[in-house]
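Q: If you scroll down you'll find the structure; I have some questions about it.
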Amino acid sequence: MTKLGVNIDHVATIRNARGESHPDPFFVAKNAIKFGADSITIHLREDRRHINENDLKIISKKKFPLNLEMAANSKMLKIALKYKPNYVCIVPEKRQELTTEGGLNLKKNKKKIKHAVQKLNNSKIRTSLFINPSINDIKMAYEIGSDCVEIHTGKISNLIKAKKNFKKEFLKIKKCAIFAKSLNLKVHAGHGLDYKTTKTLNQIKQITEYNIGHFIIGESIQHGLKKVIKKFIKILKK
């Protein structure tokens, strides 16, 4: 079955709004796994706007699969090698952005990213690169030595939410997923996903994992974490 990764960054966002300890990201992570999620994703940003290093320390000690999103710099690489999450997804990062705005610029940062991937692979940490749906980016991800790619789904998500024609973007993602699979790269998807977009993209069987955060946390405020996760699992089973 296609896997579901739950990003809990915005549990920490709510906690940090009061500068206290509630809600607890670890508690939510533990329940997300209990309710059927396959892994937990956290993004340790350089400015620590949500998840902090103590969160990473606590969560990485537990037995459930952890996917750490991080920028490809020496400071973050050192942290990843210290805590050894099961997976690392290298993402672009800008201080002024509200959320990740697009995929990595692999052409510009190829040497730096390749160095990080090699270090992580040598420590038996599975690596993924967060990329735009681009054949050239998939070729470069393969050359860099990443284990998988996570396709940025922000554009198709926005088109579907706005009830605009998304066929061209869907076919682009499908073409990229098929090509990545032909290179033995695992294919993941993430960013802006809700029920409808996930259901649409789940037609692309080369995509084997969806990482979803903002929508799950927001929807859980109204309907509860268990109900929301179960609904995504039902979508991914089809």
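Q: Kirkwood Rh over Cα pairs of the range 24-69 into Stokes-Einstein at 10 °C, 1.306 mPa s: D in µm²/s?
A: 147 µm²/s
Q: Leaving ligands, DNA and RNA out of it, report the carbon-plus-sulfur percent of the accessible area of the range 1-143 at a 1.4 Å probe.
A: 49 percent
Q: Place a +1 charge on the Cβ of each Lys and Arg in the range 1-121 and a -1 charge on the Cβ of each Asp and Glu, then give the dipole magnitude about the Cα centre in debye, rounded to the nearest 20.
A: Dipole of the range 1-121, to the nearest 20 debye: 640 debye.
Q: Per residue, how much accessible area does the chain show when a 1.4 Å probe rolls over the protein heavy atoms, in square angstrom?
A: I get 51 Å² per residue for this part.
Q: Another question, then. Leaving out ligands, DNA and RNA, what percent of the accessible area of the range 149-238 is carbon and sulfur, probe 1.4 Å?
A: 55 percent
Q: If you don't mind, another one. Checking the cross-link filter: which aspartates and glutamates have an alpha carbon closer than 15 Å to that of residue 108, excluding same-chain neighbours under 8 positions apart?
A: Partners within reach: 93, 137, 143.
Q: Per the helix-only calculation at 222 nm, which mean residue ellipticity applies to the chain, given -39500 (n - 2.57) for every DSSP H run of n ≥ 4 and division by its residues, nearest 500 deg cm²/dmol?
A: That calculation yields -15000 deg cm²/dmol at 222 nm.
Q: For the range 42-150, what does the alpha-carbon gyration tensor say about shape, rounded, prolate or oblate, given a ≥ b ≥ c as the root eigenvalues, a/c under 1.5 as rounded, and a/b over b/c as prolate?
A: Judged from the Cα gyration tensor, the range 42-150 comes out oblate (a/c at least 1.5, b/c at or above a/b).
Q: Quick one: go through the range 113-143 and flag any residue whose amide nitrogen is under 17 Å from the point 7 Å out along the Cα-to-Cβ line of residue 168.
A: Backbone N within reach: 133-135.
Q: Mind jotting down a quarter of the surface of the convex hull over the alpha carbons of the range 1-91, in square nanometres, one decimal?
A: If you wrap the Cα atoms of the range 1-91 in a convex hull and average its projections, you get 5.8 nm².
Q: From the cross-link list 111/181; 75/119; 34/231; 63/112, which pairs have alpha carbons spaced over 22 Å apart?
A: As for pairs spanning more than 22 Å Cα to Cα, those are 111/181; 63/112.
Q: Moving on. Taking 0.36 nm per residue of sequence separation and subtracting the Cα-Cα distance, how much length would be gained by fully extending the chain between residue 61 and residue 238, in nm to one decimal?
A: 60.4 nm
Q: In nm, to one decimal, how far is the residue 231 label point from the residue 21 one, both placed 7 Å along Cα→Cβ?
A: If labels sit at residue 231 and residue 21, their model points lie 3.3 nm apart.
Q: Now for a different question. Set Lys and Arg Cβ to +1 and Asp and Glu Cβ to -1, take the dipole of the chain about its Cα centre, and tell me which of 235, 218, 86 lies farthest positive.
A: It is 235, whose Cα lies furthest towards the positive end.
Q: At q = 0.19, 0.28 Å⁻¹, what is the base-10 log of I(q)/I(0) for the range 42-91 according to the Debye formula with one equal point scatterer per Cα and no solvent? Please give it to two decimals.
A: Here the Debye-derived log intensity ratios amount to -0.52, -1.20.
Q: Can you give the log10 of the normalised intensity I(q)/I(0) at q = 0.10, 0.14, 0.17 Å⁻¹, computed with Debye over equal Cα scatterers of the range 104-238?
A: The calculated log intensity ratios at q = 0.10, 0.14, 0.17 Å⁻¹ are -0.35, -0.67, -0.92.
Q: On to the next question. Which FRET efficiency value, to the nearest 0.05, is calculated for residue 161 and residue 122 with the Förster distance at 41 angstrom and r the Cβ-Cβ distance?
A: 0.50
The values are calculated or read from the model by the stated rules, or taken from the named source; none is laboratory data. Computed from a prediction, not measured in an experiment: that's the story for all the values here. For neighbour counting, all protein chains shown are included, and Cβ atoms are generated from backbone atoms with ideal geometry for every residue, glycine included. The area values use the complete protein model at the heavy-atom level, side chains included, leaving out ligands, DNA and RNA. Shrake-Rupley method; radii C 1.70, N 1.55, O 1.52, S 1.80 Å.
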